[in-house]
Amino acid sequence: MNSFEKVQRCFDLLPVEHRQDIPVYPQMLIYPGRVAGITQKELTTSTDKWIEAMDTTFQKVGYPDLSMGNPAGDVMFLQGVEALRPGFELGEDDSYQFKETCHLDEAGYQDIIQNGYLQWYNRYLCSIQHPPYTSGEQIGQRWMQVGMNAAKVGQYLASHGVCPIHGAASGTPFDTLSMVRSFQEFIYDLYDEPDMVKAAIARATPEVTGSILGNLEHSPIKRASLYAMRSDADSISPAVFEEFSWPSLKQIILGLHEAGVQTVLHADSNWLPMLPKLLEIPKGTILVELDDRTDIHAAYDILKGWHAIKGNLPATMMAFGTPDEVREYCEDLIGLAMGGGFVLGSGCEIPLNCKLENLKAMMDSVRA
């Protein structure tokens, strides 16, 4: 069974007969630079260098079934937050960082409500580049470069039988606005100006759905990643989630589903109280990516037989644990995965200080 078949069977929630048929996905972005001896500056400024680093890592630990489909430099851009860059604002081999400051005020909300979300968002993106973009042509060219880089990465992955995790990706309106506004100010807005926030999210939601579908039009991978990075119970209450975040998130997922697109929901931090809402979405629509802040067994009990799960080896274990500890953790996850609808993977991203032997232990756990 090839990787593409394993992934589709996972979405179809079919039981697994052999552990070798469990999809494995080490979510890697910047760690391969350490393995390949390529600086973070090189890694984030050259798609070719990023592919070289990924391939060097895969040659040492084995090729996975799923991989990131965008290089590190594009993920920095796609995150939609001002970035501190290796070799520029930071040391050449430092990890990139995000600098979250307030770039949205009441006038910005009203601009979104009255004139549309994407026109505002692209002007905002222009303002946070180094140096800032000064024309629509520049931001258009940057988006074209993202597409061309993703195609190059996709060709590389396909040549090794590896499936990209998505064909397109986007932040959700609630989570994106929380970062652009800055989290503290955004929380104030939820209480002081709830109708304004809801109106901006409502205006943004169909535009985000349409943008994703447009980006997927020529992609062979009919899956989209949604990054809901502030919709967890460590950031907001379930009541706030249900009132502000969930209606938009649900509408986007359903819109993608109606167009024949599967959703990969990147769910950072503790999503356990929010997971029952996902049962409102048609069966087999979502792969939920969880990290170790969510109890994976409890999550599986909620979603098993309805949606697939990916996770959730802790970053701390990958950095500071032993191969035996990794193997033991993987065996526990494999016990769940045999029931179907489970991708064995890292809890969010493989950390920069991961031990190579721990990553290999993770990969080998489904190859035995």
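Highest mean packing comes first when the peptides 256-263, 344-351, 312-319, 131-138 are listed by Cβ atoms within 10 Å, giving 344-351, 312-319, 256-263, 131-138. Using the Cβ-Cβ distance between S182 and D295 with R0 set to 22 Å, the FRET efficiency works out to roughly 0.15. Inter-label distance, E258 to E328: 5.0 nm, where each label sits 7 Å from its Cα along the C-beta direction.
In plain terms, the chain from S211 to Q155 could stretch by 17.9 nm, reckoned as 0.36 nm per residue minus the Cα-Cα distance.
Among the GluC sites (Glu not before Pro) found in segment 60-105, those both in a DSSP coil and sparsely packed, with 12 or fewer other Cβ atoms within 10 Å of their Cβ, are E92.
Across the chain, Cα pairs under 8 Å and at least six residues apart give a relative contact order of 23 percent. Stretched out straight at 0.36 nm per residue, the stretch from R123 to E100 would grow longer than its current Cα-Cα span by 6.6 nm.
For the chain, the longest piece that avoids every one of the trypsin sites (Lys or Arg not before Pro) found in DSSP loops with at most 16 other C-beta atoms within 10 Å covers 100-221.
Computed from the Cβ-Cβ distance with R0 of 22 Å, the FRET efficiency linking D12 to K222 stands at 0.95. For the pair segment 122-175 / segment 1-77, the C-alpha centres are spaced 18 Å from each other.
Compute the signed sum of charges (Lys and Arg +1, Asp and Glu -1) over the other residues within less than 12 Å, Cβ to Cβ, of L90. Charge balance in the 12 Å sphere: -1. Given their separation in residues at 0.36 nm each and the Cα-Cα distance between them, K60 and K304 gain 84.5 nm when the chain is fully extended. Label-to-label distance, N2 versus D364, with points set 7 angstrom from Cα along the beta-carbon direction: 2.8 nm. Using C-alpha pairs below 8 Å separated by at least 6 residues, the relative contact order for segment 66-119 is 21 percent. Shape class for segment 223-263: oblate, because the ratio a/c of the largest to smallest gyration tensor axis (alpha-carbon atoms, square roots of eigenvalues) is 1.5 or more and b/c is at least a/b. Using the rule -39500 (n - 2.57) for each DSSP H run of four or more residues, divided by the residues of the chain, the 222 nm mean residue ellipticity is -15000 deg cm²/dmol.
Taking every DSSP bridge with both residues inside the chain, close to 5 percent are antiparallel.
Throughout, read-outs are computed from the coordinates displayed, never taken from laboratory work. What you are looking at is a predicted structure, and each value in this text was computed from that prediction instead of being measured. Note: ideal-geometry Cβ built from the backbone for every residue, glycine included; neighbour counts use all protein chains shown.
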